[in-house]
1. With a ≥ b ≥ c taken as the square roots of the eigenvalues of the C-alpha gyration tensor of the stretch 26-110, please select rounded if a/c is under 1.5 and otherwise prolate if a/b is larger than b/c or oblate if it is not?
2. If you add up the charges near Thr173, with Lys and Arg at +1 and Asp and Glu at -1, over every other residue whose beta carbon is less than 10 angstrom from its beta carbon, what do you get?
3. Please give the net charge around Val49, taking every other residue with its beta carbon less than 12 angstrom from that of Val49, where Lys and Arg add +1 and Asp and Glu add -1.
4. Find how much the distance from Phe10 to Met79 grows on full extension, using 0.36 nm per residue of separation minus their present alpha carbon separation; answer in nm with one decimal.
5. Say each of Glu69 and Ala43 gets a label point 7 Å from the Cα, pointing the same way as Cα to Cβ; how far apart are those two points in nm?
6. Cβ under 9 Å from Gly115's Cβ, Gly115 left aside: what net charge do those residues give with Lys, Arg +1 and Asp, Glu -1?
7. Tell me the label-point distance for the pair Val139, Arg55, using the 7 Å Cα-to-Cβ offset, in nm and rounded to one decimal.
8. Percent of Cα-Cα pairs per 5 Å bin, from 0 to the last occupied bin, for the chain, please list those.
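Each reported figure results from applying straightforward, stated rules to the coordinates on display, with no laboratory input. The structure presented is a predicted model; accordingly, all values stated were derived computationally and were not measured. Cβ placement follows ideal geometry from the backbone for every residue including glycine, while neighbour counts extend to all protein chains displayed.
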Amino acid sequence: MVGHWARSPFGAFADVMIEREDGERLLLAPTREVADFIASTYAFEEVRVGPVRVRSTGTAWAVTAPSLELRFVTGGRGMLGWLLRAVPGSLAKRPAWSALVDLPARVMPGVRTRGRSGTGRREWYGARDLLPIVSARAVFEGAELGPLAPVEPPVRFGFGSVPRKPAAVRVTTTVGLNGVRSA
């Protein structure tokens with residue numbers, strides 16, 4: 001899972017969460033501060049700090065991080081993408097909206113829009129767009145990862161997973177810190 005955050009309390013940054021076939025979870029984060037926050041919210045067996053870069057030009061994306069080279073292309077927006085795109089940002093960031101759409105979101109296995117992370121923090125996800133990934137090439141630690149495939153089983157970083165069909169999803173994430181919400 002690639003996070004590409006234009007705005008956050010840490011400024012703009014990108015991160016990568018990887019779950020290996022054996023279930024080991026790995027975080028690639030750009031700074032110690034970002035790594036500490038993410039690792040205190042989600043569950044990882046290993047955390048690596050180093051430059052994480054995301055570039056996009058139209059439908060083509062490139063992600064580079066220590067030991068990772070990922071390129072993917074997004075396809076045309078489907079019905080769900082159009083519906084999500086119609087949600088105003090001011091509504092998508094509200095926890096009440098995430099609560100309302102949590103039940104319909106569950107038709108996608110593993111997908112949730114609200115819950116508690118493994119460390120107990122409350123979280124709300126407001127999806128704002130969805131584009132299918134139609135092709136991808138990834139090399140991790142020198143090994144080609146193979147063809148694009150469904151995400152099975154669902155990843156286990158927090159309370160929910162990513163869509164089963166690989167997709168680029170624009171999302172507003174809100175994390176509650178000791179009763180305080182932080183976007």
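1. Values: a/c = 2.22, a/b = 1.36, b/c = 1.63.
Since a/c reaches 1.5 but b/c is at least a/b, the shape of the stretch 26-110 is classed as oblate.
2. Numbers: positive: Lys93; negative: Glu123.
After counting each charged neighbour, the total is 0.
3. Working: positive: Arg32, Arg48; negative: Asp15, Glu33, Asp36, Glu46.
Net charge in that neighbourhood comes out at -2.
4. 21.5 nm
5. Output for this residue pair reads 3.4 nm.
6. On the way: positive: Arg112, Arg114, Arg116, Arg122; negative: Asp102, Glu123.
Within the 9 Å Cβ shell, the charges total +2.
7. Placing both labels 7 Å beyond Cα along the Cβ direction yields 1.6 nm.
8. So the P(r) values, bin by bin, are 1, 8, 15, 21, 23, 18, 10, 3, 0.
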